[in-house]
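The values are calculated or read from the model by the stated rules, or taken from the named source; none is laboratory data. If you're wondering where the values come from, they're calculated on a predicted model, not measured in any experiment. Glycine gets a Cβ as well: all are built from the backbone with ideal geometry, and neighbour counts include every protein chain shown. In case anyone asks, the SASA skips ligands and DNA or RNA and just uses the protein heavy atoms, side chains included. Shrake-Rupley method; radii C 1.70, N 1.55, O 1.52, S 1.80 Å.
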Amino acid sequence: VEASIPEPQRAAWKKFSKKEFSTKDEFQAETVQHIETTLARSLFNCDEAAAYSGTALAFRDRLVIAWNKTQQNQTFADPKQKVHESDVKLNKVADLSLEFLMGRALDNAMLNTGMKDIAADGVSDLGFRMEDIISQERDAALGNGGLGRLAACFLDSLASLNYPAWGYALRYRYGIFKQEIIDGYQVEIPDYWLDFNPWEFPRHDVTVDIQFYGNVRKETDESGKQVSVWENGEIVTAVAYDAPIPGYGTKTTNNLRLWSSKAAQGEFDFTKFNSGEYEASVADQQRAETISAVLYPNDSLERGKELRLKQQYFWCAASLFDIVRRFKKSKKAWTEFPNQVAIQLNDTHPTLAIPELQRILIDQEGLEWDEAWSIVQQTFGYTNHTVLPEALEKWSVPLIQHLLPRHLQIIYDINLHFLQFVERNFPKDRDMLGRVSIIEESQPKMVRMAYLAVIGSHKVNGVAELHSDLIKTTIFKDFVRIYGPDKFTNVTNGITPRRWLHQANPRLSQLIASKLGGYEFLKDLTLLHKLEAYVDDKEFRKEFQAIKHANKVRLAEYIKTANKVTVNPSSLFDIQVKRIHEYKRQQLNIFGVIHRYLELKDMSAEERKKVQPRVSIFGGKAAPGYWMAKTIIHLVNQVAQVINNDAEIGDLLKVVFLEDYNVSKAEIIIPASDISEHISTAGTEASGTSNMKFVLNGGLVIGTCDGANIEITREVGEDNIFLFGNLSEDVEDLRHAHFYSADGFRLDPALQRVFDTIKSGTFGDANSFSALINSILEHGDYYLVSDDFKSYVDTQKLIDEAYGNQEEWLTKTITSVSRMGFFSSDRCIEEYAEAIWNVEPVLPKEDTA
Ligand code: H53
């Protein structure tokens, strides 16, 4: 407020304040101006990269205007001016997520502002094709997989639904690595993505000093109260970088704030510098910058590295400081804080925000413990995304003691209060205390972050029905007894139909719009149900099928360029793209492919004529240190090599591993599937979200009864999905039986044959794959590959038959699309807003009038 322009000068200001372009001419003028002046290029020196940059900068300017207005509007919106004063809550949602897997921004900005057609026309006048321009952009790949992409979908929905919400993350200099396949092996290349990023705004004036290490001293203040002082630490500065997040069909443009680390002022050692030790003086600076340097490339796996813990605290502390600073400007009482702010913890990665807020309230703001703790609990909500033991974060007590000594004290105090509460309520259950303690009594002692997150939040949610039930009966069972079942809830994941239908599959989106009378379904996906009326409409069916075919042709062309493999677009396209992980069971898929190959080899020429040709497409990254996952990639590539070069097999079977799967590639791959694979061991995939994307784009699913597959089945109907495999309730017993069953480990003969073929060297050096086979044969087959194999290949047979009847297949796909309305991330956000955040939308000014 202090920095605002005085009233008399505002007229001049307003006269020159920039307007959003809305015509082709205006767009072109902005673009050419940016190319000529911002980029210092000319008519004679403008390639596609420069045309992209100019277009992006023109759109960036447009977003910035709406963004400024939104922030102004959300900050100054006064609930008292609204009609139902008591109903209105003006709180801001802060979504703390270490990952936001955004992908490309330009196409999204053009579509969300409704300006893509005008821009495409405009760039064509200037001598370019829009597709070529769009493909110049590098993905913003600040995430690993499902968790990061979910956060990105949520940002799109929050803005589209006009919720006042900010995302907070780190500005990694290196996003997820780029994957290259060399001789069939994954090789990682660093993703330095910030060379040219028109979408971010450095806020050099928005900085926060973050402390690490040091010691805690107790002292008595003037009032005689004991206070803790955390001192002598090392300071690193957080600098804010902001990116605009445009909503679809609204002027609301929210903010994604990314923190970058740099050496604190004064950290640069001038004595060393002046005495010629230039390198040493720069070293501190580099050490500080290391904190936000790189995204950890593990998905669903925690490795307990000190730098990762530093990242987590750095980001939590900077974000909380920012939130608290803004709250304090309002001069409201602290008891109002939870009514003004809702903070959602995306997995346990931001759990340190809990002790950090408690620290701010008691050490800095002077609140009493109980009052502070009540504010903390009311402020946070925690989303759990996994029950996999290897993904549940634990940090060693000595490490936290060293890095964050004051926080460790607070964590112990939180634990003490909590255990006293448990003891009072369950005096007879002494074992319970050990089970639910935040501190695990191991060597060294560990802090169980998930427990801290549960204890410090008012709501805990899972991400699909089965998963939300599972957390209540497994990892958080005791907590359900302690707090009662109401603390736990479910919000089934969703996806944004803007990116995953309208942007990725524009022709399908247009066809749907032509039948539903416009694009309203992109804001209310449940309107898709009206499509069911067209399931028998000849013209509609023809166009629907033509679109799927065109999408397959496009993917086939991509495969030709990328893999030098020719695939027939009329084959059945079977796709599994996601992170490579044993629990996701790409190994089951490739064993199935080998089995199919062996069967084809056994057949006579006559028999082969009846076979449904298929292309098996894989894609996904393995964490660099995850050997088993890398072995699976290697096997897929070796199998592809053999099968694709077997003249006898020809088009009957092709195998493709697509390098460097990412968001922009997903936009090409997903619309081209006939079948996609979501085949995790039951109970291991919390939700899955690509399953939703594939079905929304007219593909069917082969899947286990796991995660959101179950709810997809409920929506589309059992006839429209291919389910197989054991159920989650049987998994434990089956694992047990692998070791103890009376008749030993009995392998399905077909799977045995697959293993024998691999062992014979058909796909190269058999030793390369022995660990993979032995994990099944000798180490208990934890993921139940052998138990589900038969049911899997039998179901694949059913799919071949079903695909043989193209008319029926088409009916299944159209019906499924029309029943996917539930899976919009807009629905998720409405559920979070209502059941967890208690927040209302703030409409942009123009729309309120
Ligand atoms: O989160 C997705 C789920 C998916 C789950 C995934 C996930 C990560 O990507 C990383 C860590 C983690 O704990 C969970 O595996 O099932 O759909 C979004 O909820």
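Results, tabulated for the structure shown:
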| read-out | value |
| --- | --- |
| The stretch 515-620 - charge dipole about Cα centre, Lys and Arg +1 at Cβ, Asp and Glu -1, debye rounded to 20 | 360 |
| Carbon + sulfur, % of accessible area of the stretch 119-263 - ligands and nucleic acids excluded, 1.4 Å | 48 |
| For the chain, accessible area per residue (1.4 Å probe, heavy atoms of protein chains only), Å² | 41 |
| Links that overshoot a 30 Å alpha carbon limit, given the list K305/K584; K116/K329; K538/K584; K578/K845; K515/K797; K18/K310 | K116/K329; K538/K584; K578/K845; K515/K797; K18/K310 |
| Other-chain or far-sequence residues with amide H under 5 Å of R173's (modelled H) | A293, V294 |
| Cα-based shape type of the chain, given that a ≥ b ≥ c are square roots of the gyration tensor eigenvalues and the cut on a/c is 1.5 | oblate |
| Long-range HN-HN contacts of S824 with modeled amide H, under 5 Å | I495 |
| Lys pairs under 24 Å by Cα in the stretch 423-483, provided they are eight or more residues apart or on distinct chains | 5 |
| Kyte-Doolittle at least 0.5, axis length at least 20 Å by Cα - qualifying DSSP helices, the chain | 146-160, 627-644 |
| Burial ranking of peptide ranges 777-787, 104-114 (average Cβ count within 10 Å, highest at the top) | 104-114, 777-787 |
| Distance-filtered residues of the stretch 167-202 - backbone nitrogen under 16 Å, label point 7 angstrom along V642 Cα→Cβ | 184 |
| Two-site label geometry, D765 and K19: point separation in nm, points 7 Å out along Cα→Cβ | 6.9 |
| All lysines inside 19 Å of K15 as judged from Cα atoms, apart from same-chain residues fewer than 8 positions distant | K69 |
| Modelled FRET efficiency - R0 51 Å, R753 with D47, Cβ distances, 0.05 increments | 0.40 |
| Nearby lysines by direct alpha-carbon distance to K328 (threshold 18 angstrom, same-chain neighbours under 8 apart not counted) | K89, K92 |
| Positive minus negative residues near F591 (Lys, Arg vs Asp, Glu; Cβ under 11 Å) | +1 |
| Amide hydrogen neighbours beyond the local backbone of K459, cut-off 5 Å, H modeled | Y382 |
| Full-extension gain in nm, W334 to H204, via 0.36 nm per residue minus C-alpha separation | 43.9 nm |
| C-alpha center-to-center spacing [the stretch 657-727, the stretch 140-203] in angstrom | 23 |
| Sum of -39500 (n - 2.57) over DSSP H runs of 4+, divided by residues of the chain (222 nm, nearest 500) | -14000 deg cm²/dmol |
